[in-house]
Amino acid sequence: MIIGVPKEIKNNENRVALTPAGAAEMVKNGHIIYIQSTAGMGSGFSDEDYMHAGASILPTITDVYAIAEMIIKVKEPIEMEYNLIKKDQILFTYFHFASNEPLTDAMIASESICLAYETVEMADRSLPLLIPMSEVAGRMSIQEGAKYLEKTYGGYGVLLGGVPGVPPAKVLIIGGGIVGTEAAKMGAGLGADVTIVDISLKRLRYLDDIMPANVKTMMSNEYNIREMVRTHDVIIGAVLIPGAVAPKLVTRDMLQTMRPGTVLVDVAVDQGGCFETTVPTTHDHPTFVIDHVIHYCVANMPGAVPRTSTLALTNATLPYAIQIANMGWKKACTVNESLRKGLNVVKGKVVYEGVADAFCLPYHDVETVLYSKVTPGK
Ligand SMILES: NC(=O)c1ccc[n+]([C@@H]2O[C@H](COP(=O)([O-])OP(=O)(O)OC[C@H]3O[C@@H](n4cnc5c(N)ncnc54)[C@H](O)[C@@H]3O)[C@@H](O)[C@H]2O)c1
């Protein structure tokens, strides 16, 4: 298959969808790889790195879209890319269709095959192509919390791990899923006194079993959260209710009970945030202060560490991309049920129920789209 990797043009996006190692694997499988010049630069990969891996470099984004049977990307196509997408072209990337009607309409009109990273789903309902970014954001949340606790940044002036004779900082993590677990590991590793709250007793039992002694678990409820925010230095929001807006678990009135210089890191900001005072921020202006409490609410935290994020993302996406390239999208989605869940829009038809519902569009069962023309005449 001819595979194209355009340079990401969305603001502040420095990740790339294929590493030189991934390109080499693709070439080994007999595929032809075209990379747009400087596509890997933001993640530390040069054009030469890709050429050594057996890929060819094309000068413009138009060239890449024009030649490729499959486009592998990181972020959803933006408006200037819509017209470059061809009928029957496979697009494998994050789309987040349900929050973007113009994109949905444009992809329907393009008659391309849109496989969305975010809806590829395992039998246990986990989302293997979202997990790596939660891992990055979870680990980063502690780094950011530690940084903004410093006095220079307006923080309470506490060192996360303390020193001999001085107790460590207290970190409260609300939500013990992927983000929360990674945050707890990092916080614990730095010596902080960590508490994770979750509503799932099963999850708390698991965390209690695997975490070191400086991580405690507690049931999540308003009473417990209200008590704990008064004494914790860093509070990390890491809840998720799939398909729903995050519940507001730290309310505005709780801020007045916190110490001045307490740091709130709302990783769940992309689902509306779990602090009532959360407003999405960017890496250019990551924080704001309300009632002497610092809020860090960056919606794309992994964007700050594109090298790590690219490697983490492509570790997860590459096996799927290779399967699509080796088998073609139809066969790959037939044999791989998880990948099939990634199909959102196929040749002008919406095949993902959540997307159809979001914009009152006709929904087509993915099976009928997949198996049409497989048995001609029937
Ligand atoms: N800001 C970023 O850059 C960034 C990056 C990656 C992920 N995220 C977001 O981080 C959030 C967490 O993602 P995840 O992968 O860890 O999800 P996850 O599903 O693995 O974990 C969510 C956890 O929240 C718990 N939970 C639900 N309601 C709760 C409540 N009332 N109190 C306490 N816990 C509760 C669940 O039981 C679950 O354990 C999501 O909103 C995700 O989109 C943001």
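The figures follow:
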quantity	calculated
Verdict on GLY189 being away from the ligand (no atom under 16 Å from the Cβ), farther than 22 Å from ARG259 by Cβ and not hydrophobic (A, V, I, L, M, F, W, C)	yes
Residue list for region 104-128, restricted to those being crowded, with 23+ Cβ neighbours inside 10 Å and within 13 Å of the ligand (Cβ to nearest atom)	TYR117
Qualifying residue in region 358-375 (condition: free of Cβ contacts under 8 Å to residues at least 60 places away in the same chain, part of a helix (DSSP H, G or I) and of a type in the set (S, T, N, Q))	yes
Any hit, region 1-17, residues being part of a helix (DSSP H, G or I), crowded, with 17+ Cβ neighbours inside 10 Å, out of contact with any Phe, Trp or Tyr (no Cβ under 9 Å at 6 or more places or on another chain) and modelled with pLDDT of 95 or more	no
Single match in ALA268, ALA299 (criterion: within 30 Å of VAL158 (Cα to Cα), free of Cβ contacts under 8 Å to residues at least 40 places away in the same chain and within 17 Å of the chain's Cα centre (by Cα))	ALA299
Residues of region 163-213 classified as farther than 15 Å from GLY138 by Cβ, in a helix (DSSP H, G or I) and open to solvent by less than 30 Å² (accessible area, probe 1.4 Å), total	1
Selection from region 129-150 of residues that are open to solvent by 40 Å² or more (accessible area, probe 1.4 Å) and either in contact (Cβ under 8 Å) with a residue 24 or more places away in the chain or within 14 Å of the ligand (Cβ to nearest atom) (or both)	LEU130, ILE131, GLU135, ARG139, GLN143
Check on ALA332, among the small types (Gly, Ala, Ser), within 30 Å of ALA109 (Cβ to Cβ), in contact with a helix residue (DSSP H, G or I) (Cβ under 8 Å, 6 or more places away or on another chain) and modelled with pLDDT of 95 or more	yes
The one condition in (1) part of a helix (DSSP H, G or I); (2) open to solvent by less than 10 Å² (accessible area, probe 1.4 Å); (3) over 21 Å from ALA332 (Cβ atoms) that ALA23 fails to fulfil	(3)
Test set (1) touching a strand residue (DSSP E or B) at 6+ places or on another chain (Cβ under 6 Å); (2) free of Cβ contacts under 8 Å to residues at least 12 places away in the same chain - SER46 fails condition number	(1)
Any hit, region 318-331, residues being open to solvent by less than 50 Å² (accessible area, probe 1.4 Å), touching a residue at least 12 places away in the same chain (Cβ under 8 Å) and within 26 Å of VAL245 (Cα to Cα)	no
Residues (outside any helix (DSSP H, G or I) and aliphatic (A, V, I, L, M)) located in region 322-338	none
Residue within region 245-259 that is within 13 Å of the ligand (Cβ to nearest atom), surrounded by fewer than 18 Cβ atoms within 10 Å (Cβ to Cβ), modelled with pLDDT of 95 or more and of a type in the set (A, V, I, L, M) present	no
The lone exception for GLU118 - which of (1) over 16 Å from the mean Cα position of the chain (by Cα); (2) at pLDDT below 95; (3) not polar (S, T, N, Q) it fails	(1)
Residue match in region 165-174 (condition: away from the ligand (no atom under 13 Å from the Cβ), among the β-branched types (Val, Ile, Thr) and more than 26 Å from ILE241 (Cβ to Cβ))	yes
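One line per residue, one yes/no per condition, for (1) open to solvent by 50 Å² or more (accessible area, probe 1.4 Å); (2) at pLDDT 95 or above; (3) in a strand (DSSP E or B):
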| residue | (1), (2), (3) |
| --- | --- |
| ILE35 | no, yes, yes |
| ALA39 | no, yes, no |
| GLY42 | no, yes, no |
| ASP49 | yes, yes, no |
| GLY54 | no, yes, no |
| ASP63 | yes, yes, no |
| LYS75 | no, no, no |
| LEU84 | no, yes, no |
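The values are calculated or read from the model by the stated rules, or taken from the named source; none is laboratory data. Just so we're clear, the structure is a prediction, and the values are computed from it rather than from any experiment. Note that each Cβ is placed from the backbone with ideal geometry, even for glycine, and that neighbours are counted across all protein chains shown. Just the protein is used for accessible areas: all its heavy atoms, side chains included, with ligands, DNA and RNA removed. Shrake-Rupley method; radii C 1.70, N 1.55, O 1.52, S 1.80 Å.
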